[in-house]
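Participant: Structure in structure tokens, see below.
Taken together, the values in this text are just the output of simple stated rules run on the coordinates, not laboratory data. Because the structure is predicted, anything quoted here is derived from the model rather than measured. Neighbour counts are summed over all protein chains in view; Cβ atoms, including those assigned to glycine, are modelled from backbone coordinates with ideal geometry.
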Amino acid sequence: MPSRRLLSAALSAAAVVSLAACKAGDTSASAPVAPASSAPAPSAPASSAPASSASDDPADGPSIDPEPTFDCSTPDLPAGQQVVQITAAPSGATLQAKQAVFGCDPNGGGYAGTGAAKQYAVADGASAELSTGSTEHRTVPLAELYRHIGDCLGGNPVHPPYFCTGEIYKLSLDASGRVTGISQVWHP
């Protein structure tokens, strides 16, 4: 008879644990009732970390809070630099582009062209950089950068390690407003 009671108690405990596991996502349910037992319940070890803390390591899965944890503010640009959205394939020594403004989005923020496009004169010997990732750039000849912009605007494939990223570029300008450097801005 005693073994029957132990078996019955064990099955009841398993049923309560299963029921509690099924309702784990239901926040309106009250805490599961622990089965009566002659053994004392184990106590949880004391911890100084909050019970709901999540790891910052992306390999550990998504964090509990889906909101971005970084500051979404307009990046500061040094004097003589501006961000633009190129609107047409470069021709000769000119670029056609719209002034780009920074705005927050679910990915943290990015640039978008605004207003009417204007012409920018490109100085002889201007430097050119294409993005190869979120923080990496590769110096390329100006003709290669022009070809890349034309391919992206035309919907043509580009070859790795380069990407089309919304045609957003940072321009370095001299005192007369001529472009002395063009650097692709990464934004997936």
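Participant: Quick one: GLU167, GLU129, GLU144, GLU136, fewest Cβ neighbours within 10 Å first, how do they rank?
Facilitator: Placing the least packed residue first, the sequence is GLU136, GLU144, GLU129, GLU167.
Participant: Taking the Cα-to-Cβ direction at HIS159 and at SER91 and moving 7 Å from each Cα, how far apart do the two end points lie in nm?
Facilitator: Rounded to a tenth, the inter-label distance reads 2.8 nm.
Participant: What does the charge count around LEU145 come to, taking other residues whose C-beta lies under 13 Å from its C-beta (Lys +1, Arg +1, Asp -1, Glu -1)?
Facilitator: -1
Participant: On to the next question. If r is the Cβ-Cβ distance from ALA143 to ASP76 and R0 is 30 Å, what FRET efficiency results, to the nearest 0.05?
Facilitator: 0.45
Participant: I would also like to ask the following. Amide H of ALA88: which non-local residues (sequence gap of 5 or more, or other chain) have their own amide H closer than 5 Å, using H built in the peptide plane?
Facilitator: GLN96
Participant: Expressed as a rounded percentage, what relative contact order does the stretch 81-184 have, with Cα pairs under 8 Å and six or more residues apart?
Facilitator: 31 percent
Participant: Can you list the residues, at least 5 places off or on another chain, whose amide H is less than 5 Å from the amide H of HIS137, using H built in the peptide plane?
Facilitator: Here THR132 satisfy the definition.
Participant: Please give me the summed charge of the neighbours of ALA123: other residues whose Cβ is under 9 Å from its Cβ, Lys and Arg +1, Asp and Glu -1.
Facilitator: Net local charge, ALA123 excluded: -1.
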